Amino acid sequence: MTKILETTKSFIDKSIGAWKSIRSTHSLAFQEFENTNSNILISEINIDSEEVIEISEKFKSDLDADFALKITWEAKSDWIEEQKVDLDQTTLVFSQKDFYSGTIFKNKGYAELVHSFSNYYMDKNGGLNITTEYNSTVSFERINFLSKNVRFRYSIIKSKSNHAIIQTSHSSEIRDLFS
């Protein structure tokens, strides 16, 4: 029996909603770790929206936008002694090569806070794999569903100059059914 790959769009549709995240980040360069609790909201936005047009203009191209997301989050980290809540958001524009792969254009990257683009693909186990090259680093991220209401996400950030692993992180994300 052949397993049918999950499409990128069906994966994204399952991700829409409110999530509570617990993330552990390991800074290998500084030999420290950080724990972060976040509330995340993933919502689909219209491909004709101002955010998508702005990203298209930034990349100086007519993006063949198939769908777009806005991700907002409120995070509390134990990294610093002063308990500060970080509020932020990012916009992701998906341009599909086929149902299982393509390019994501972003107004803000994960490893470096600059406009960026990523290549992505769905693997045979239903995971969304994202690779992003920044100015000085490369990030690899994988997101997978453990169940309808539980996702896990891990990432690795490597230096482009010497290929050293700078940081790893793992997140458990639980759908907030009461939002």
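The values are calculated or read from the model by the stated rules, or taken from the named source; none is laboratory data. Bear in mind the structure is a predicted one, so any value in this text is a computation, not a measurement. Backbone-built Cβ (ideal geometry, glycine too); neighbour counts: all protein chains shown. In case anyone asks, the SASA skips ligands and DNA or RNA and just uses the protein heavy atoms, side chains included. Shrake-Rupley method; radii C 1.70, N 1.55, O 1.52, S 1.80 Å.
Summary table below
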| quantity | calculated |
| --- | --- |
| Alpha carbon Rg of the stretch 116-176, scaled by the compact-globule rule 2.2 N^0.38 Å | 1.23 |
| With DNA, RNA and ligands ignored, accessible area of residue 161 (1.4 Å probe; Å², nearest 10) | 110 |
| Virtual spin-label span in nm between residue 161 and residue 41, 7 Å along Cα→Cβ | 4.1 |
| Under 17 Å from residue 158, Cα to Cα: aspartates and glutamates that are on another chain or at least 8 residues apart | 32, 112, 133, 141 |
| Surface/4 of the Cα convex hull for the stretch 1-42, nm² | 5.3 |
| Alpha-carbon Rg/Rh ratio, for the chain, with Rh computed the Kirkwood way | 0.96 |
| Extension gain from residue 22 to residue 150, taking 0.36 nm per residue of separation minus the Cα-Cα distance | 44.9 nm |
| Portion, in percent, of the accessible area of the stretch 126-179 that falls on carbon or sulfur, probe 1.4 Å | 57 |
| Label zone at residue 133 (point 7 Å along Cα-to-Cβ), backbone N below 19 Å, the stretch 156-179 | 156-166 |
| Within the accessible area of the stretch 1-66 (1.4 Å probe), percent carbon and sulfur | 54 |
| 19, 73, reordered so the largest accessible area comes first (probe 1.4 Å) | 73, 19 |
| Charge tally in the Cβ shell below 12 Å around residue 172, where Lys, Arg are +1 and Asp, Glu are -1, residue 172 excluded | +4 |
| Mean separation of Cα contacts under 8 Å (6+ apart) over length of the stretch 127-179, as relative contact order % | 27 |
